[in-house]
1. Which pairs do you get when a residue that is free of Cβ contacts under 8 Å to residues at least 24 places away in the same chain and over 24 Å from ILE9 (Cβ atoms), found in segment 36-47, comes within reach of a residue that is basic (Lys, Arg) and outside any helix (DSSP H, G or I), reach meaning Cβ atoms under 9 angstrom, with the pair 6+ apart or on two chains?
2. Just to verify a result, which residue in segment 28-63, among those that are over 30 Å from GLY135 (Cβ atoms) and buried (at least 20 other Cβ atoms within 10 Å of the Cβ), is farthest from the chain's Cα centre (by Cα)?
Amino acid sequence: MRHYLMLMIIYLAIVAVVCAFLFVPLKTAFMTNWGFNLVILFAFFVGIGINMYQVLRLEPEINWMKIYRTGDIGLSVAEGPRFLKSLAMHLSGTTKRRFSLSALSLQTVLEGIRGRLDESREISRYMIGLLIFLGLLGTFWGLLGTIGAVANVIEGLQVGDGDFAAVFIKLKAGLLEPMQGMGTAFSSSLFGLGGSLVLGFLDLQAGHAQNRFFDELEEWLSGVTQLIDNPEEEIENLPNNRELSQKFKEDSSC
């Protein structure tokens with residue numbers, strides 16, 4: 001799991017280097033509407049922390065598996081990890097040398113673990129959608145202000161006196177406010193969509209880490225568990241089943 005965490009750190013370092021080279025234009029874009037952009041950056045850093053936590057929280061699960069597979073006794077349900085709590089309940093008080101799960105129990109345990117893993121990523125996916133929403137919200141907010149400012153400029157134009165130089169100066173000054181609205185729109189889109197792109201990559205790596213953890217768990221359980229409940233009893237019952245079948249045939253012939 002540390003491999004995926006290292007990929008996330010390297011990717012964030014590359015993003016930080018690119019932002020450092022573009023610091024001046026990014027600062028200018030940020031200051032066009034620093035209040036709204038600050039909310040976007042706050043959601044971005046929260047999303048980074050959530051994605052890293054998704055990978056780090058797999059470490060206790062892996063440690064629990066390693067401790068159990070070494071044959072140590074004394075793993076209680078209370079000490080069990082969150083994702084593997086259902087498995088810990090089944091294997092409580094046993095060792096790796098003596099435990100068995102039926103096919104139905106194995107399927108139930110794996111489905112429960114997969115459900116918990118998918119549930120843990122819902123917040124991360126929500127943060128990606130939140131950044132996209134905030135970027136689009138800032139875009140429409142800026143365009144709304146731009147339309148209003150352009151309308152005010154058009155209404156303020158008066159060319160009846162014939163002083164075109166004064167009209168041009170007034171028009172030039174009036175266009176500054178629509179440009180500010182456009183800056184708000186594009187800066188919000190820049191930070192919102194760019195942040196969602198970064199969080200999308202981090203969520204992808206967290207998903208890969210969880211899938212690898214689940215695959216290793218499934219391979220381990222499939223290799224060391226018995227997929228039938230009581231094979232000895234089924235073998236012992238085979239002659240009885242033949243006798244019952246023969247008796248049913250005799251009764252039918254009569």
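No value in this document is a laboratory result; all are computed from the given coordinates. Keep in mind it's a predicted model, so treat the numbers as computed, not measured. Here the Cβ positions follow ideal geometry from the backbone for every residue, glycine too, while neighbour counts run over all protein chains shown.
1. Taking only residues 6 or more apart or on different chains, not a single pair turns up.
2. GLU61
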